[in-house]
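What follows is calculated from the coordinates using simple rules that are stated; it is not laboratory data. All of these numbers come straight from a predicted model, not from anything done at the bench. Every residue, glycine as well, gets a Cβ built from its backbone with ideal geometry; the counts of neighbours run over all protein chains shown.
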Amino acid sequence: MEFPHEGESIYYRYQASFARNRDGDLLYCTGPRAARIQEHWHWISIGLDTKNCKPKETGEFHRIELGDELRGLELYELRKADDTFFTGIALSSAADSPETNKDFETFFSGIILRQVNFATSYAEARPLPPKNYESTTENIVSLFDTYLRYQGEHDRWIDSGRAYFLERVRHFTSQARKIEFCLPAFPCKSSNTHKVIGKDPDRGELLALERLHGFVEAVEKMYDAGAKLWIISDGHVFSDCIGVDDKDVDEYGEKLIKMNRAIGLRRGSLDRVGMKSLADLFELNRYKSKIDQNLQFNIPPIDHHVQTQVTVEAELCRRILMAGCQSWRSSLRARIDSQDDTTLALYRGFSRFMLEDLELHPFTRSLSRSKQKKLSAKVAFEMIMRNQAYSNLVEFLYPNHIRLSIHAHNNAGPKIGIQLFDPAVVRAVQSLSPNSNSMSCRGLLHIPTPWHNAVVRVVGSNISYVTKAKAVRDALAEGKITGGLRTQDDEIDSSGAVYFNVCTTALGRAERKAPESVKEQETCAEPTKPVTTSKAVTPKEGIAS
C-alpha cells in the first residue's frame, strides 16, 4: 500500500537518526543518508560541542545547521542528564518560505527523539551472539510462516519475503535481544451495525489477542530472550473517516487494554503483547495543560467528510500526524488520474469498502446513491493519505521492528500480512448457509478482522465462525437457527466477550442438502499452508448442522 516517497513534510526531509554516547562517539545510525552522517561524524560532533555539553535533568534540545560537505542539513539532538546516550535526527533544510514552521518542526523532532526505539544494543555494550542463533533464527521464521503469516494473491514470501523477514529477526537474535514486532490494528468497531454486534471489543478481539499471545509464547519456547508484539492502534487516524466518534475509539481502546491484560494474567505474562495509541506516540499527556492553551503550531486543519463527534486531543493528533508525515496529495491524485494499476485498484477498493461501511451512518442515509458514491470516493482518498502518513510515522519511530499488517500484502516486505484468526479453529464465512464460501479479501484491503465482523459458535461444532452480524440476525429471523447473544464469563474466560451462540433448526438442516448456488471465490483461509495446532478448515466446509 506504499507509494514512492514524494512530499515535503518532515518525514520526507528525514536523512538519518542516530545515538551517541556522552563522549561524542557515534553508537548507531540509520536512515537513507546514514552513511553520509557516519562519514562526517567527526565534524558533526565538533559542531554539537559534544565534549563540553552538560545536559539538564529535564533535558535539553539542540538544533544546529551543518556546513561545508553537510551544507543543507539540520540536526536536532535531545540530551538528558540521566541518559547514558543521546539521540539525534538529521533533516534536509526546508526552503525558507512563509509556510516553513520552525516551531512545529522543533516540536515534532522532539517527539521523534523521545519516542524512537532503535531496538538495538549499541556497539560498546553489545553481547556476543549465541552460538546457535542462526538455527534459532530459522526456527522462528518457520514458526511465523506456519503460525501467523497470511498467504495472499501474488505472494512473494518464498522468492524474497522470507529472506527479508529472516534478516529482520536476525537483527534481534544476533544481539540476544527480545524480538519486537509492531502491528497497526484494533482501531475500533465499524459503525455499520450490519457488520458488528456493538461498539465494544467482543469474542472476536478475544480470539485475535489469544492468537497473538500464543505466537509470542511459542517464540519464547525456542528463544530465551523471547519476543514482544506491539499493537499500535490506528483508531484515531481514521475514526472521523469511518463515521466513529472519537470517544467511542477511546472507550474501545480502554476495554481492549483490559481484555489484553486479563489474557496476559491468565497466560502468565503481561509483557508479551503491548498497546500504544496515537495519543501515546505523540505524548499528549505530556502536553495536557498546553492543549487547553491551543497547542496548534499553525498547522493545517483536517478535512472531515463524515459528521462525527471529534475530541480536541484526537483532532490534534491527526493534525500532528499529517503535518509531520503526509505525502503530496497531488501525487496520489495524479496516480489515480493516470490509471496507475496498483493505486487505482486500491482507491476503487477503498471506495467500495467505505460505501458499504457507511451505508447505515446517519450522515449518509439521507444521501442519494450517487452522492454516497462521491462521498465514499472522497473518504477513500483521505484514508489512503492518512494510511501512508501513519505508515511513515511507524517507520520513523520503529526503524528496526518487524512490521506486521492486517492488509493482504504480497509479503515481500517491509510489511508482512498476518491472520488474526486461527484457521484451524475459526472460519471466516460470507453467510451461515451450510454451503457458504469463505470471505474474500479485496486486493490489499482487510484480511478478516474482529472489528468488521461478529463471532458465531454453533452447538456441536468445534469451529467458530466469523461473519457479518446481519447474516446471523437474518438466519435467526428466518428460523434457520435458534439462539442469540451470549457472554462467556466463567472460570475459563472472565473477559465478558460477547458472541452469537446458536443451534441449527430443521429448516437449516434441510437447506444444508441443497446444491451450492454460488461459485467458489478467493478464500482467506489457507488450506494448503500448514498451521501449528491442527488441520486447517477447507474452503468447502460449511457451517455445522
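Sequence-ordered 3J(HN,Hα) estimates for region 315-323 from the Karplus curve with 6.51, -1.76 and 1.60 and θ = phi - 60° stand at 5, 5, 4, 4, 5, 5, 4, 6, 5 Hz, glycine and proline given as x.
Between residue 220 and residue 156, the distance separating the two model label sites (each 7 Å from Cα on the Cα→Cβ line) works out to 3.6 nm.
Could you rank the peptides 393-403, 251-261 by their average count of other C-beta atoms within 10 Å per residue, with the highest value first?
Packing order, densest peptide first, comes out as 393-403, 251-261.
Sorting the segments 129-138, 453-462 by their residues' average number of neighbouring beta-carbon atoms within 10 angstrom, most packed first, yields 453-462, 129-138. With Rh defined as the Kirkwood radius, the inverse of the mean 1/r over Cα pairs, the Rg/Rh of region 122-270 is 1.04.
Listed here are the pairs 258/470; 415/470; 131/415; 276/415; 195/373; which of them are more than 22 Å apart at the Cα? Can you show the working numbers first?
Numbers: 258/470 28 Å; 415/470 32 Å; 131/415 29 Å; 276/415 19 Å; 195/373 20 Å.
Beyond 22 Å: 258/470; 415/470; 131/415.
What Kirkwood radius, in Å to one decimal, follows from the Cα pairs of region 84-197? Could you put the intermediate results ahead of the total?
Values: mean 1/r = 0.0533 Å⁻¹.
Kirkwood radius, region 84-197: 18.8 Å.
Considering Cα pairs under 8 angstrom that are at least six residues apart, work out the relative contact order of region 177-321 and quote it in whole percent.
Values: 189 pairs, mean separation 42.7, N = 145.
Here the relative contact order equals 29 percent.
For region 176-237, the Kirkwood hydrodynamic radius comes to 13.4 Å, computed from all pairs of different C-alpha atoms.
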